[in-house]
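*Asks:* For reference, the structure I am asking about is given below.
Each value in this text was obtained by applying a stated rule to the coordinates, not by laboratory testing. As the structure is a prediction and not an experimental result, all values here were calculated from the model. So basically every Cβ, Gly included, is an ideal-geometry build from the backbone, and we count neighbours across all protein chains shown.
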Ligand SMILES: *Cc1c(COP(=O)(O)O)cnc(C)c1O
């Protein structure tokens with residue numbers, strides 16, 4: 001009723017979020033919610049964060065926009081923090097899908113090859129290039145033809161290594177497939193994929209759009225497995241909600257992304273950079289250690305308290321990226337609505353998965369309290385639904 005001027009590309013819940021503070025959100029009726037979504041993995045630092053508000057407000061008073069025709073100290077600062085000052089360069093953009101577009105373009109240009117290998121159940125975005133490497137037919141339906149030169153293989157499958165041949169420009173993957181069902185990459189498999197890429201002269205693109213920015217307890221999820229991707233992409237959590245994305249590539253790829261080769265009007269805009277600068281400062285080693293500790297605590301509790309609930313088939317994830325896989329008799333969307341009524345916001349993912357992406361700043365006690373609510377709702381599910 002309310003959205004009659006907007007295309008109905010989203011299934012929206014019938015309430016609006018109008019304010020937030022810390023890990024708590026409020027709707028237009030004044031109802032409060034414990035947030036286990038962070039947007040969709042965006043507001044890792046929570047809501048109404050003083051340092052972020054101050055930095056963005058200060059930047060608002062200085063300048064909102066300047067073109068990329070001039071030097072930008074802010075972009076340099078953020079890029080330096082994003083790459084930890086090491087052997088990578090950054091190309092800024094405004095979203096996750098754009099970051100992946102840049103990665104695919106750079107991979108083709110740098111290798112002079114055109115084929116890509118991606119994985120079933122992957123999600124890399126909605127623009128044509130990113131959509132082409134997304135392993136979900138439903139999302140692609142009606143939009144064909146896409147890029148022709150894309151092959152798909154089974155994720156975590158050692159047979160997939162056979163598909164990594166010299167005619168590929170790049171392999172693109174997520175360390176934990178987010179939208180695809182919170183499927184964790186196995187360390188040994190990921191390392192073999194990387195080794196095979198090196199052997200065959202194929203670039204490895206790691207999509208850290210959802211897993212990056214501390215979500216899994218490291219700044220980037222590939223750090224858990226000591227990977228060194230040729231290119232990685234970041235967006236969601238990078239500026240805690242101000243639109244921004246980044247494609248990060250090894251320095252030696254720099255010569256292929258020279259003047260005029262790629263760009264975007266809004267890319268690296270000052271407001272996003274001011275926010276990202278603060279986010280990257282906040283995600284220091286102590287903060288990330290605290291996220292890992294919280295995650296460890298929560299995983300222990302999840303396994304103890306939830307794994308034995310009848311309708312829970314499996315629990316997967318890494319750090320504060322959690323997927324609770326539900327029996328098909330219980331519909332995840334019905335569970336999400338029940339949780340909303342009990343003041344808890346959650347997400348879904350492919351395969352009837354209840355997905356939790358709480359703000360990274362949430363106290364452990366609040367995480368446990370939310371999981372208690374989930375346990376309570378799920379415990380009654382098979383009885384009421386089935
Ligand atoms: C969300 C997401 C994207 C797309 O990001 P947008 O900002 O929506 O374009 C790409 N890759 C992964 C892994 C994502 O989770």
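*Asks:* Listing 17, 242, 175 from the residue with the fewest other Cβ atoms within 10 Å to the one with the most, what is the order?
*Replies:* So the ranking, lowest neighbour count to highest, is 17, 242, 175.
*Asks:* Using only Cα atoms, what is the ratio of the radius of gyration of the stretch 241-344 to 2.2 N^0.38 Å?
*Replies:* Taking the Cα Rg and dividing by 2.2 N^0.38 Å, one obtains 1.61.
*Asks:* Right, something else. On average over all directions, what projected area in square nanometres does the chain have, based on the convex hull of its Cα atoms?
*Replies:* Here the figure is 19.7 nm², rounded to one decimal.
*Asks:* Once each part is reduced to its C-alpha centroid, what is the distance from the stretch 228-244 to the stretch 277-327 in angstrom?
*Replies:* Going from one Cα centre to the other spans 20 Å.
*Asks:* Counting other C-beta atoms within 10 Å, which of 159, 314, 207 has the fewest, and how do the rest follow? Kindly include the intermediate steps, with their values, before the conclusion.
*Replies:* Details: 159 8, 314 13, 207 31.
So the residues, fewest neighbours to most, are 159, 314, 207.
*Asks:* Can you give the Rg and Dmax of the stretch 1-88 based on its C-alpha atoms, in angstrom?
*Replies:* 18.1, 52
*Asks:* What does the extension gain come out to for residue 68 and residue 10, with contour length at 0.36 nm per residue minus their alpha carbon separation?
*Replies:* 17.6 nm
*Asks:* Next question, about the same structure. Could you give the alpha-carbon Rg of the stretch 223-295 over 2.2 N^0.38 Å, rounded to two decimals?
*Replies:* Its radius of gyration relative to the 2.2 N^0.38 Å reference: 1.32.
*Asks:* Order by neighbour count: 70, 256, 155, 128, fewest other Cβ atoms within 10 Å first, most last.
*Replies:* Values: 70 6, 256 17, 155 22, 128 14.
Ascending Cβ contact count within 10 Å gives the list 70, 128, 256, 155.
*Asks:* Suppose only helical runs count, i.e. DSSP H with n ≥ 4. What mean residue ellipticity at 222 nm does that imply for the chain under -39500 (n - 2.57) per run, divided by all residues and rounded to the nearest 500 deg cm²/dmol?
*Replies:* Calculated at 222 nm, the ellipticity per residue is -10500 deg cm²/dmol.
*Asks:* Something else: Between residue 334 and residue 286, how high is the FRET efficiency from 1/(1 + (r/R0)^6) when r is the Cβ-Cβ distance and R₀ = 30 Å? Nearest 0.05. Don't skip to the end; give the middle numbers.
*Replies:* Values: r = 40 Å, r/R0 = 1.33.
Once rounded, the FRET efficiency stands at 0.15.
*Asks:* Okay, next question. Over the Cα atoms of the stretch 131-288, what Rg and Dmax result, in angstrom?
*Replies:* 16.6, 47
*Asks:* If you wrap the stretch 55-153's Cα atoms in a convex hull and average its projection over all directions, what's the area in nm²?
*Replies:* Result: a mean projected hull area of 9.1 nm².
*Asks:* Using a Förster distance of 45 Å, how high is the FRET efficiency between residue 226 and residue 29, based on the Cβ-Cβ distance and rounded to 0.05?
*Replies:* Details: r = 48 Å, r/R0 = 1.08.
Result of the calculation: an efficiency of 0.40.
*Asks:* What percent does the relative contact order of the chain come to when contacts are Cα pairs within less than 8 Å and at least six residues apart? Before the final figure, lay out the partial values.
*Replies:* Working: 757 pairs, mean separation 84.3, N = 386.
So the answer I get is 22 percent.
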